């Protein structure tokens, strides 16, 4: 029963990153990854970059000392990158997240997270849960966008 929480986080983050890759790969035309629709102002390509930057920064760099330097404005301003570029970012993110988490213990999760990202002190387990919820929110946006685009093309 050692590191039950860490093992759960490894499983969940690995699963959701695989879902992100699957969503990106399901777009019938990679140009659609950069298209907005209706009131959706962030195209899926930017949301993908944002999710990857977020996890590489808050897990890979802050917890794993990966040396990753985040460029948040780029996450939302980049356009027209290839699907393969996005998949490569997901792969780098998966490596950073999983290697960091696998070096941690359940005891580490109860330590204070090294940055007050939300404006207050919190435990690492609290922040990892927050990041997971944020990831799911944007992953759902990407899925909805893809299905909406596919419906308009049918």
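In segment 1-17, of all residues being free of Cβ contacts under 8 Å to residues at least 12 places away in the same chain and either part of a helix (DSSP H, G or I) or in contact with a strand residue (DSSP E or B) (Cβ under 9 Å, 6 or more places away or on another chain) (or both), the one that is nearest to residue 127 (Cα to Cα) corresponds to 8. Of the residues 28, 73, which single one is in a helix (DSSP H, G or I), at negative phi and surrounded by fewer than 18 Cβ atoms within 10 Å (Cβ to Cβ)? The match here is 73. Filtered by the rule that a residue be part of a helix (DSSP H, G or I), touching a residue at least 12 places away in the same chain (Cβ under 8 Å) and either out of contact with any helix residue (DSSP H, G or I) (no Cβ under 7 Å at 6 or more places or on another chain) or more than 18 Å from residue 15 (Cα to Cα) (or both), segment 100-113 gives 106, 108, 109.
Which members of segment 36-63 meet the condition of being out of contact with any helix residue (DSSP H, G or I) (no Cβ under 7 Å at 6 or more places or on another chain) and at pLDDT below 95? Passing the criteria: 36, 38, 39, 41.
If you take the residues of segment 117-143 that are without any contact (Cβ under 8 Å) to a residue 12 or more places away in the chain and in a helix (DSSP H, G or I), which of them is farthest from residue 30 (Cα to Cα)? Walk me through how you get there before you give the answer.
We begin by selecting, within segment 117-143, every residue without any contact (Cβ under 8 Å) to a residue 12 or more places away in the chain; these are 119-122, 129, 133, 137, 140.
When the remaining residues are screened for being in a helix (DSSP H, G or I), the result is 129, 133, 137, 140.
Details: 129: 31, 133: 26, 137: 22, 140: 18 Å.
My answer is 129.
Residue 57 meets the conditions (1) farther than 13 Å from residue 20 by Cα; (2) surrounded by fewer than 18 Cβ atoms within 10 Å (Cβ to Cβ) in every case but one. The failed one is (2). Looking only at segment 39-54, residues that are without any contact (Cβ under 8 Å) to a residue 24 or more places away in the chain and either assigned to a loop (DSSP other than H, G, I, E, B) or surrounded by fewer than 13 Cβ atoms within 10 Å (Cβ to Cβ) (or both) come to 2 in all.
Being surrounded by fewer than 19 Cβ atoms within 10 Å (Cβ to Cβ) and in contact (Cβ under 8 Å) with a residue 12 or more places away in the chain is a description that does not apply to residue 97.
Give the residues of segment 100-111 that are crowded, with 19+ Cβ neighbours inside 10 Å and touching a strand residue (DSSP E or B) at 6+ places or on another chain (Cβ under 9 Å), sorted by residue number. Step through it out loud before you land on a result.
The first filter runs over segment 100-111 and keeps only residues crowded, with 19+ Cβ neighbours inside 10 Å, leaving 100-101, 104, 109.
Hit for segment 100-111 is 109, nothing else.
Applying the criterion of being touching a strand residue (DSSP E or B) at 6+ places or on another chain (Cβ under 7 Å) and exposed (fewer than 13 other Cβ atoms within 10 Å of the Cβ) to the residues of segment 112-147, the residue that is nearest to residue 2 (Cα to Cα) is 112.
Residue-wise test of (1) assigned to a helix (DSSP H, G or I); (2) touching a residue at least 24 places away in the same chain (Cβ under 8 Å); (3) in contact with a helix residue (DSSP H, G or I) (Cβ under 7 Å, 6 or more places away or on another chain).
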residue	(1), (2), (3)
68	no, yes, yes
80	no, yes, yes
89	yes, yes, yes
115	no, yes, no
145	yes, yes, yes
149	yes, yes, yes
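The values are calculated or read from the model by the stated rules, or taken from the named source; none is laboratory data. Remember, it's a predicted structure, so these values are computed and weren't measured experimentally. For neighbour counting, all protein chains shown are included, and Cβ atoms are generated from backbone atoms with ideal geometry for every residue, glycine included.
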